[in-house]
1. With charges only on Cβ, +1 for K and R and -1 for D and E, what is the dipole size of the chain about its Cα centre, in debye, rounded to 20?
2. Which whole-Hz ³J(HN,Hα) couplings does region 394-409 yield from phi under the Karplus relation 6.51 cos²θ - 1.76 cosθ + 1.60, θ = phi - 60°, glycine and proline marked x?
3. By its C-alpha gyration tensor, with a ≥ b ≥ c as the square roots of the eigenvalues, how is region 560-664 shaped: rounded for a/c under 1.5, else prolate for a/b larger than b/c, else oblate?
4. Mean residue ellipticity at 222 nm from the helices of the chain, using -39,500 (n - 2.57) per DSSP H segment of n ≥ 4 over the full residue count, to the nearest 500 deg cm²/dmol?
5. Please compute, over every Cα-Cα pair in region 545-602, the percentage with a separation greater than 14 angstrom.
6. From the residues 195, 206, 185, which one has its Cα farthest along the dipole of region 182-327 in the positive direction, the dipole being from +1 and -1 charges on Cβ of Lys/Arg and Asp/Glu about the Cα centre?
7. Out of these labelled values of P(r) over Cα pairs in 20 Å bins from 0, in percent, [x] 12, 29, 28, 19, 10, 1, 0; [y] 16, 51, 30, 3, 0; [z] 14, 44, 33, 8, 0, which was calculated from the coordinates shown here?
8. Using θ = phi - 60° and the Karplus relation 6.51 cos²θ - 1.76 cosθ + 1.60, list the HN-Hα couplings for region 40-57 in order, rounded to whole Hz, with x at every Gly or Pro.
Amino acid sequence: MSPTGVPRTLAEQLRSWSPAQLACLLERRPDLTTPAPQDSSQLASRAGTRASVLRAVDSLTQLELTVLEAALTLPAPVAATALHERVYAASGSVDTALGTLRELALLWGEPEALRPVSVLHEVLPGSGGGTRLGAPVETLLAGAGPNRVADLVRDLGLVPSGDRDTDVAALAAALADPGRVTALVDDVDDGAQAVLERLEREGVDGRMESAGRAVRRADATTPVEQLLARGLLIARDARHVAVPREVAVALRGGRTTREPTDVEPPLATSARDQALVDRAAGGAAFELVRHVELLLEHWGSHPPSALRSGGLGVRELKAAAELLHLGERAAALHVEIAHAAGLIAVGATDDLDAAWLPTDAFDVWNAGSVADRWGRLAQAWLDSPRLVGLVGARANGKPVNALGPDLERAWLPEARRMALTAVGELPAGEVLASGTGVASLVDRVRWRRPRRPAQRAEAVAWVVEEAAQVGVLALGGLAAHGRALLSTDDPHHAAPAALEPLLPEPVDHVLLQADLTAVAPGPLAHELAHQLAAMADIESRGGATVYRFTATSVRRAFDSGWSVREVHDFVASASRTPVPQPLVYLIDDVARRFGTLRVGAAGSFLRSDDEAALAELVHGPGGKALRLRRIAPTVVVSDMPVDVLLPRLRELGAAPVVEAPDGTVRLARREAFRARTPRPARGGPAEGADRGRAARQTARVSATVNALRAGDEAVAQRPARNGSSRPQSPTAAMALLREATDAGRPVWIGYVDADGSAVERVVEPRRVEGGRLSAYDRRADEVRSFAIHRVTAVRLLSPADHGAGLPET
């Protein structure tokens, strides 16, 4: 720190900050913590790199970005009072933005002597933040020769000095004068004024052939030539012209914008009862869980193939959409959510083909309550970085597939939360207006993150659409369980608890009808739904689900191991109405024919005590295609494998069962495939991930602050660059270390790590023996062992020196 108390560098300012200020910086710019910087000088250097500053600038709001750009338009150091005059915003808003920029170390110094980080002049050339400021005169004239600069000086009524840099500074000062710029604008015709206004308002470059040629005021005829001759436009290159930043600010009355920048765009809203929003969202949440369960149950027995790129094929997505009775984009969303939740992964079938299979986590998830299952799906969607809206589009001449690698967008989780949070800020009883609400939400998100992303408008619209399908939004409003999902306290439990009262109560019965259908008057209990699905097919869905019994569906129950008595008992116990006689006949008829044929391997064989049935099958129209040969009155063989013969017999109306070598009957149901549950990605949807991530971040920041303080202390206690700083012999170093150990005094040591890096540490020696020093290292916050032959210098410190010159921690 300088004698006057004003920091001369960013490192000096960081060194004077309190631990709370450093922790705030590291929390808002987490890239600075990896790896932990050695001291404040290294932290300042890292905070000024282009990559880190770009990330920090991308997190600014429109107001903060405008204030930062305004600071770049003024000569450094910049006074806060000058920024209040330059920025079109309320004084309190500018002060708040300045506080944020100083917390992020993008501006440093005292309030009346602020300096921007030097790399900002490259990161923000003037047009990246929405203020649409052009580049300064100095930048635009960087490639112009001294004669061209001198001509411009003369055209503005100034006297060339003969020095190019002086003339450029004079041009910049003249074009920053609002009175002079107004006179120059009045001196051109209406066409030139229209061109200037358009380029200035839109912040774009104009295109002109031979833009770099010299144009004198007396020779200017076209509108662009008139502006070039007066410096109101300056050639950027041979084909483009731009409005200088100084001219743009002067045309705006000395401000960087024409409108206030501290007013967030309002949301277009309409009135809607919150209870209605909650109920509609609760219904959508229930449908999400039901659709994912249905899809994954189907994929367990009929897994779709995985593309070599890892995605899901177009045909497989269409089949999923047909199964769920949804559009392809909605089906892709369900597939992506299931994948993000760890419920599906690429696995191998019996034929060792790569396919998308439910994971073993699906069975655990499927056993939970509807609310808990929704909570996992919704959290996975909220944290997913995959832009599902691109599925079906074309990129590089190829379609974008669901589950493919081309959907990752790192900015999407933040944009999704930001959009939902903005909707959640609406007063109770208000929702986004139909038609105009989404457009106003795009403007709000753009104000909060003006620099990114490029696909913002599409992404926000897709977020609203997807949130409605997930059950977070409904009718343009944020539901109560959606609000709980966005909370940082405990979303994994709060959101399901808020959803639970909105879900319909499961029913434990169906209504059997004489047309071989069963009507479920509401969502069935989980076990009842599984049992009913084993023997009936879903015919229609809605408030009441209709199941239909057929010979094929009843045979499916027998294939799964049900006996005829168990089937009769189940339909009788599950129905509130008497079992109709046609259903009893259907079950008995299928049971009578079930197992009359037994299939074995010869290739394969068929055995039946019913000789007439075998004769009919062998001599029937389909027998020849099955290549059947009768070798005994009750035995027929075929060269077809069992897995081919079995489905073809069923297509002919037979109901065969598979016979094992010992004569017992095997169940013929399809095995459900499972893939191994992938390990959750960092920040994934596993329960407790939010709390664990926050705890790890807090611990990392705290450890980094302690390391910085220890590093600064080591630098402060570094011996002066004189004779005493020469490398010490191991014997001398050991003597000083023993003395410090006996006296209980801290020491400063210079040390060479195993990788050859020279480091400095302030340690508290505990023991010296065997050529090693055991000491408490404050930076590592642990007792460490140091090889004495690697110690290059030792300096004894008094207890008063320990931590001297550093802020209290």
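1. Approximately 1680 debye in magnitude.
2. 10, 10, 6, x, 10, x, 8, 9, 4, 6, x, x, 9, 9, 5, 9
3. Prolate shape, in that a/c is at least 1.5 and a/b is the bigger ratio.
4. Taken over the chain, the calculation gives -13500 deg cm²/dmol.
5. Cα-Cα pairs of region 545-602 separated by over 14 Å account for 58 percent.
6. The residue sitting most towards the positive pole is 206.
7. [x]
8. 5, 5, 5, 5, 5, 5, 5, 5, x, 6, 4, 5, 5, 5, 4, 5, 5, 5
The values are calculated or read from the model by the stated rules, or taken from the named source; none is laboratory data. Bear in mind the structure is a predicted one, so any value in this text is a computation, not a measurement. Here the Cβ is made from the backbone with ideal geometry for all residues, glycine too, and neighbour counts use every protein chain on show. Areas reflect the complete protein model, heavy atoms only, side chains present, ligands, DNA and RNA absent. Shrake-Rupley method; radii C 1.70, N 1.55, O 1.52, S 1.80 Å.
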